[in-house]
Amino acid sequence: MNEQTPNEFTNEQYATFDQYLEEQIKRLKVSIDREVPESGPFKDVFDLFTNPDEGSRDAVSSYGIRIYKMRDDIVADPAMRFMEAIVYFPGSYYKASVVVGSGTNQELRTLINEPAFIDTLNNAYAQLLEIAEENT
């Protein structure tokens with residue numbers, strides 16, 4: 001699938017980064033139900049938010065999640081989906097990413113409903129921020 005330009009959602013200010021992640025996870029649940037079929041190809045799903053930390057915005061402008069299906073020649077299973085955490089660098093579409101989950105729609109729903117998933121996202125974003133800061 002071709003990668004599309006992600007859409008950032010506008011949200012109110014939250015007190016903590018975890019609150020941003022909680023909001024992102026809520027939106028992700030809706031996106032999986034509405035936009036990701038049980039089997040076969042689909043348009044990549046993105047959910048992004050602007051980096052709330054002014055101190056690190058010179059390295060990372062946005063954080064996000066992308067859900068996608070790999071090409072059939074890479075992963076032939078038509079029901080397999082992948083979820084990756086993404087950071088976008090300021091002023092460009094260059095990014096760093098890491099896979100944070102894979103499986104069927106039901107397996108992804110189960111994963112994002114786990115209380116530990118917020119920690120998984122936090123750790124992934126921290127690693128990606130570190131990479132971005134090293135390359136700034």
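The values are calculated or read from the model by the stated rules, or taken from the named source; none is laboratory data. What you are looking at is a predicted structure, and each value in this text was computed from that prediction instead of being measured. Cβ: placed from backbone, ideal geometry, glycine included. Neighbour counts: every protein chain shown. Just the protein is used for accessible areas: all its heavy atoms, side chains included, with ligands, DNA and RNA removed. Shrake-Rupley method; radii C 1.70, N 1.55, O 1.52, S 1.80 Å.
Considering only residues that are among the aliphatic types (A, V, I, L, M), closer than 19 Å to Arg27 by Cα and free of Cβ contacts under 8 Å to residues at least 60 places away in the same chain, which ones fall in the range 87-127? Spell out the reasoning first.
Filtering the range 87-127 down to residues among the aliphatic types (A, V, I, L, M) leaves 87, 96, 98-100, 108, 111-112, 116, 118, 121, 124, 126.
Pick out the ones that are also closer than 19 Å to Arg27 by Cα and you get 87, 99-100, 108, 111-112, 116, 118, 121, 124.
Selection gives Val87, Val99, Val100, Leu111, Ala116, Ala124.
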Any pair with Cβ under 8 angstrom, 6 or more apart, that starts in the range 17-28 at a residue that is closer than 15 Å to Asn51 by Cβ and ends at one that is of a type in the set (A, V, I, L, M) and open to solvent by less than 70 Å² (accessible area, probe 1.4 Å): Asp18/Ile118; Leu21/Ile118; Leu21/Leu121; Gln24/Ile65; Gln24/Leu121
Residues of the range 14-44 classified as open to solvent by 70 Å² or more (accessible area, probe 1.4 Å) and acidic (Asp, Glu), total: 4
In the range 97-136, residue most open to solvent (accessible area, probe 1.4 Å) [restricted to those that are assigned to a helix (DSSP H, G or I) and charged (D, E, K, R)]: Glu134
Matching residues in the range 45-67 - criterion: being more than 12 Å from Tyr20 (Cα to Cα), in a strand (DSSP E or B) and open to solvent by 20 Å² or more (accessible area, probe 1.4 Å): Phe46, Arg66
